[in-house]
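The values are calculated or read from the model by the stated rules, or taken from the named source; none is laboratory data. Here the structure is a predicted model, which is why all the values come from computation and not from measurement. Positions of Cβ are backbone-derived with ideal geometry, glycine not excepted, and every protein chain shown enters the neighbour counts. When the accessible area is computed, the model is the full protein with side chains, heavy atoms only, and any ligands, DNA or RNA have been set aside. Shrake-Rupley method; radii C 1.70, N 1.55, O 1.52, S 1.80 Å.
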Amino acid sequence: MKEQGQEKSFKDFDLSESIQEAVAKCGFTKPTPIQSEVIPHILAGVDVVAQAQTGTGKTAAFGLPALELILGKPPKEGMLVITPTRELAVQVSEELAKYGRSSGIKTVAVYGGDSAQRQIDAIQRGANVIVATPGRLLDLLESKRLKNFEPSIVVLDEADEMLNMGFLEDVQAIFQYLPKERQTLLFSATLSDPIQRLIRKILKDPMFITVGSTGFSHQDIEHIFYDLKDHKRENAFFRLLLANNPSKAIVFCRTKKDVDDLTVILTKMGFPVRCLHGDIQQSTRQQVTNSFKKGDIKFLIATDVAARGLDISDVSHIFNYQIPFGPDEYVHRAGRTGRAGNKGIAITLGTSHELRKLGRMLGPRTNEITIQPIPSAKQMYNIQVETFTNSIAKQQIREGVNDVVAKLQEKVDSEELVALLLSYLIDKEKLVQQEEDKFESSSSSRGPRREGGYGDRPPRREGGYGDRGPRREGGYGDRGPRKEGSFNPGPRREGGFGDRGPRKEGSFNPGPRKEGSFNPGPKKEGFGDKARRPAFGGNRSVKPRPQYNADASKAPAYSK
Ligand code: AMP
């Protein structure tokens, strides 16, 4: 027996060889805190209430010991897991299938929107584990299509979500069909009064286990609120996407319409996005989830319901495009990132009014959220320049390119050559573009997307939202009159390519680096850097954020 507080290993649990093997195959080296706490009690056969958020390893926390207990029992005395959503049902059944495969355990997911007969057939072929959503399960029980069903272990997963979604009556009705002699386990991120009442009805002398503190209790997630002030939400969001440069992100909206609208906007901008909400067919939802998992899609725009329970370990950011409806939604949204030991960032976008609402919603936990201003246009410019220069610095030199360089050097000197090539690249790839141009054109134009993808602009409409009058000088790739110190090599001189004569002052001559030019300066801390203040109470003094370009007068031409 280990001393309390001493780290446990999976070997400390009384789990069969085949289950230990499955754990090792999954790459789990040591149990998570919730697993350490819960597994011995479940193995001992008692009812358990565990307050744990998703992402903490709760599926294995109930799955591993429950599978151990049903090994050797006939399938009908197996395990039933009830989950609030189809996505979660599929995900939990996949997870349990992994843990039980080498023990001969068969798992079936049962949910609406898919053929009930196919699910029943699969169960009748001898499923030991059924993972079901309440609606479909109750249908099958009431219509007596699910017979010979006497699970010895019943798990209510994400019970708070189940109740929030209005499934209380269905859940209570389901329990009428379940054997009285059973072990019941209830997992929930929060334990509200209705949950406590449900616990009293369906569990017997449960052991209560809470892991974590009164805060968000998930230390791998950083919470940031971006104050919109007078920024437009869409525009601010676009800046945050560029500034945070997520490797994989879920963006939460309040309604299906918001999801659709934002998907259209981001798609027009050329972002690889897809959306998930309740009006989308189950098969498409599954397809989208899989593509997101594989990394074919970088951004998923979703409603709370559709993304609930999604277990994708490498989501780097979640964005609350609008504040969530309640505290549980906040916790569940944030819990889509920072999974399986990875770090994550949960970003909320809102007005100061929404910040107050969030504060009332989350109470003392709001202190864990830091507030930041939306990055200014100048910061955005510098971020983009930095991203651009970093990617150039990482570029491998291709074979044979030196011959081309030598040839070009017969015509132009090296510095001008660099300037020409970079300008060519920028024009071609539309890199380091003026982000507002990009945003405004996308949101104003309803026309079909033209070739050119990311950042490509539809024709300007007179007087329309996208009509910004003459283009501003000095923008990256702007071919207008050359500005001193900008990166623009200026209008070509007569004499054609090669006839460049001596380099003119003011052409691309890096010389000593000038502020406000293309020089991002000494590498400053990244945008995610925290000069943060707690959201409410505590010390409100603000550490100044690092400035990206100290001299505003020399800032590149870039609107606010
Ligand atoms: P869950 O909270 O059940 O949704 O699990 C979140 C993620 O953590 C899943 O991808 C699991 O595969 C992973 N996981 C569960 N247990 C462990 C463990 N002991 N070590 C590492 N990852 C784990």
- Heavy-atom accessible area with a 1.4 angstrom probe orders K293, K25, K407, most exposed first, as K25, K407, K293
- What FRET efficiency do you get for V401 and D314 if R0 is 30 Å and r is their Cβ-Cβ distance, rounded to the nearest 0.05? 0.30
- Message: Rounded, prolate or oblate for segment 337-382? Axes are the square roots of the Cα gyration tensor eigenvalues, ordered a ≥ b ≥ c, and the cut-off for rounded is a/c under 1.5.
- Response: oblate
- Expressed in nm to one decimal, what extension gain is obtained for the pair A24 and Q176 from 0.36 nm per residue of sequence separation less their Cα-Cα distance? 50.9 nm
- Query: Taking a temperature of 4 °C and a viscosity of 1.567 mPa s, what whole-number D in µm²/s does Stokes-Einstein yield for segment 94-151 with Rh from Kirkwood over alpha carbon pairs?
  - Reply: 110 µm²/s
- Message: Please compare each pair in K58/K204; K25/K201; K25/K294; K98/K256; K144/K204; K76/K256 to a cut-off of 30 Å on the Cα-Cα distance and tell me which ones are over it.
- Response: K25/K201; K98/K256; K76/K256
- For the pair Q409 and N235, the simple spin-label estimate (label points 7 Å beyond Cα toward Cβ) gives in nm 4.6 nm
- Message: Could you report the accessible area of I426 in Å², rounded to 10, computed with a 1.4 Å probe on the protein chains as they sit in the structure?
- Response: 10 Å²
- Efficiency by 1/(1 + (r/R0)^6): what FRET value for L417 and T389, r their Cβ-Cβ distance, R0 = 22 Å, to the nearest 0.05? 0.80
- Note on the structure: Pairs over 20 Å Cα to Cα, from K147/K180; K11/K73; K248/K343; K229/K378, come to K11/K73
- Gain in length, S192 to N290, computed as 0.36 nm per residue apart minus the alpha-carbon separation, to one decimal in nm? 32.0 nm
- Looking at the P(r) of segment 221-378, how many percent of alpha-carbon pairs lie beyond 24 Å? 27 percent
- Per the C-alpha gyration tensor (a ≥ b ≥ c, the square roots of its eigenvalues), segment 51-190 is rounded if a/c is under 1.5, else prolate if a/b beats b/c, else oblate; here it's rounded
- Projected onto their principal axes, the Cα atoms of segment 292-422 stretch, largest extent first, over whole-Å spans of 68, 34, 23
- Item | S352 paired with R254, simple spin-label distance in nm, labels 7 Å along Cα-to-beta-carbon | 2.0 nm
- How large is the dipole of segment 221-378 about the Cα centre if only Lys and Arg carry +1 and Asp and Glu carry -1, each at its Cβ, rounded to the nearest 20 debye? 140 debye
- Task: Pop a pseudo-label 7 angstrom from the Cα along the beta-carbon direction at both R145 and S115 and give the gap in nm to one decimal.
- Result: 1.2 nm
